[in-house]
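The values are calculated or read from the model by the stated rules, or taken from the named source; none is laboratory data. Worth saying up front: this structure is predicted, and the values here are computed from it rather than measured. Glycine also receives a Cβ, built like all others from the backbone with ideal geometry; neighbour counts cover every protein chain displayed. Remember, those area values only see protein heavy atoms, side chains included, never the ligands or the DNA or RNA. Shrake-Rupley method; radii C 1.70, N 1.55, O 1.52, S 1.80 Å.
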Amino acid sequence: MSKFTRPKIALVGGGNIGGVLSQLAALKELGDVVMFDIVEDLPQGKQLDIVEASRVDGFDVKLEGSNDYACLEGADVVIVTAGLPRKPGMSRDDLLTTNANIIKTVGENIGKYCPEAHVIVISNPLDAMVTLLQEVSGIPASRVYGQAGVLDSSRFATFIAWELGVSVKDVNAMVLGGHGDTMVPLVRYANVNGVPVMEQLEKKYGNAAKAKEVMDAMVERTKKAGGEVVALLKKGSAFYSPASSAIQMAEAVLRDQKRVLAVCAQLNGEYGVSGYYVGVPCVLGKDGIEKIIEVDLNDEEQGMFDVSVNSVKGLVEDLKRLSFLK
Ligand code: APR
């Protein structure tokens with residue numbers, strides 16, 4: 001715990017996601033929030049704007065902005081959104097190199113100023129950026145993890161709720177694997193308060209083929225959901241929902257909630273994978289990833305999971321080829 005009476009949350013990156021992260025953390029009074037960005041005055045301005053609503057919203061925490069990495073000193077939780085989105089004409093390697101350079105510096109400073117912190121990474125390409133940040137920061141993998149699965153699962157649950165005309169609060173749906181087109185929405189386990197979604201779709205449509213067609217469409221929409229938002233926004237990518245998702249993870253840690261969430265976690269033999277970060281259900285509490293839950297997968301699901309793991313391995317190989325990773 002930090003020297004403050006409240007936990008200290010550090011946000012590295014004060015862009016679109018960073019701003020929503022700060023506001024949500026303040027509204028929930030999760031702790032004092034410091035926002036770091038390399039752009040002069042930006043984090044100071046955003047934090048001032050958010051804190052000036054504290055009387056209206058009734059939150060009582062300290063918000064600060066800084067352009068000095070020393071502000072990370074003693075943070076309990078760091079959420080990383082530093083990085084650039086892909087621009088026209090940029091190759092995948094260009095983006096990987098650009099963001100890897102940023103994450104390398106960020107990771108070194110987190111290791112220097114708050115080695116006891118939990119680190120939640122959001123920057124893309126996610127699986128590669130978490131891997132790099134863990135290695136350069138030297139922080140144990142149980143405390144360095146990525147946000148993707150909470151959002152991907154929430155998107156899947158939202159589409160199911162719309163389709164069945166039920167409250168999204170009653171839908172349980174989980175998405176595993178890497179954060180990309182190969183992610184694996186777990187259809188067989190999706191349920192509404194315990195009742196399988198497929199069973200309900202079959203009843204709704206009266207035949208299995210149509211039910212499968214509807215589910216396949218929801219799975220595809222989930223996989224491409226990030227791109228759907230990008231296409232509509234025209235500028236930038238999703239930021240409200242990634243921020244909400246990371247805040248749920250931070251809250252689970254800071255309040256030791258033992259939430260079972262899909263987290264981009266380093267596997268050590270689970271699911272037959274060692275040393276790679278992949279999205280899997282985890283118990284998240286004060287010690288970070290306290291347990292990785294192994295879901296029984298059938299051959300088809302395991303096959304999709306393996307394809308997803310291979311795409312993560314490809315990204316990690318790229319980072320090795322570009323000399324970012326040992
Ligand atoms: N250190 C800190 N912040 C940095 C650095 C750095 N070295 N380099 C860039 N930034 C900052 C930018 O100044 C900007 O304010 O990161 C911020 C990124 O903000 P946005 O461009 O608004 O991006 P955002 O929508 O917040 O997404 C951030 O999360 O979901 C991913 O793909 C997304 O990688 C992107 C990241």
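Any chance you could count how many residues in segment 78-105 are out of contact with any helix residue (DSSP H, G or I) (no Cβ under 7 Å at 6 or more places or on another chain) and either outside any helix (DSSP H, G or I) or at pLDDT 95 or above (or both)?
9
Identify, please: which residue in segment 7-45 is charged (D, E, K, R), assigned to a loop (DSSP other than H, G, I, E, B) and more than 6 Å from the ligand (Cβ to nearest atom) and is, among those, surrounded by the most Cβ atoms within 10 Å (Cβ to Cβ)?
Of segment 7-45, the ones charged (D, E, K, R) are 8, 28-29, 32, 37, 40-41.
If we keep only those that are assigned to a loop (DSSP other than H, G, I, E, B) as well, we get 28-29, 37, 40-41.
Next, only the ones that are more than 6 Å from the ligand (Cβ to nearest atom) stay: 28-29, 40-41.
Details: Lys28: 16, Glu29: 12, Glu40: 9, Asp41: 11.
The selected residue is Lys28.
Is there any pair linking a residue in segment 99-124 that is open to solvent by 20 Å² or more (accessible area, probe 1.4 Å) to one that is assigned to a loop (DSSP other than H, G, I, E, B) and within 11 Å of the ligand (Cβ to nearest atom), with Cβ under 8 Å and at least six apart or on different chains, and which?
Note: pairs meeting the criteria are Ile102/Ala82; Ile102/Gly83; Ile102/Leu84; Ile102/Ser123; Asn124/Gly83; Asn124/Pro85; Asn124/His179.
Where the second residue is at pLDDT 95 or above and assigned to a helix (DSSP H, G or I) and the first is closer than 19 Å to Met174 by Cβ and open to solvent by 70 Å² or more (accessible area, probe 1.4 Å) and lies in segment 204-222, which pairs have Cβ atoms under 7 Å and are six or more apart or on separate chains?
Arg221/Phe159
Give segment 46-65 a look and list any residue that's open to solvent by less than 20 Å² (accessible area, probe 1.4 Å) and within 11 Å of the ligand (Cβ to nearest atom), or say none.
Within segment 46-65, none qualify.
Which residue, of Ala75, Ala70, is of a type in the set (A, V, I, L, M), touching a Phe, Trp or Tyr at 6+ places or on another chain (Cβ under 9 Å), within 15 Å of the ligand (Cβ to nearest atom) and not in a helix (DSSP H, G or I)?
Details: Ala70 fails: not in a helix (DSSP H, G or I).
None of the others qualify; the one that does is Ala75.
Yes or no, residue by residue, for (1) within 16 Å of the ligand (Cβ to nearest atom); (2) assigned by the TED database to the domain that holds Ala100; (3) at pLDDT 95 or above:
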residue: Val119; (1), (2), (3): yes, yes, yes
residue: Asn124; (1), (2), (3): yes, yes, no
residue: Thr131; (1), (2), (3): yes, yes, yes
residue: Ala161; (1), (2), (3): no, no, yes
residue: Tyr189; (1), (2), (3): no, no, yes
residue: Val192; (1), (2), (3): no, no, yes
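Pick from segment 168-190 the residues that are open to solvent by less than 10 Å² (accessible area, probe 1.4 Å) and of a type in the set (Val, Ile, Thr): which of them is farthest from Ala265 (Cα to Cα)?
Val184
Quick one: is Val150 open to solvent by less than 20 Å² (accessible area, probe 1.4 Å), out of contact with any helix residue (DSSP H, G or I) (no Cβ under 7 Å at 6 or more places or on another chain) and within 16 Å of the ligand (Cβ to nearest atom)?
Here the answer is no, as Val150 does not meet what is asked.
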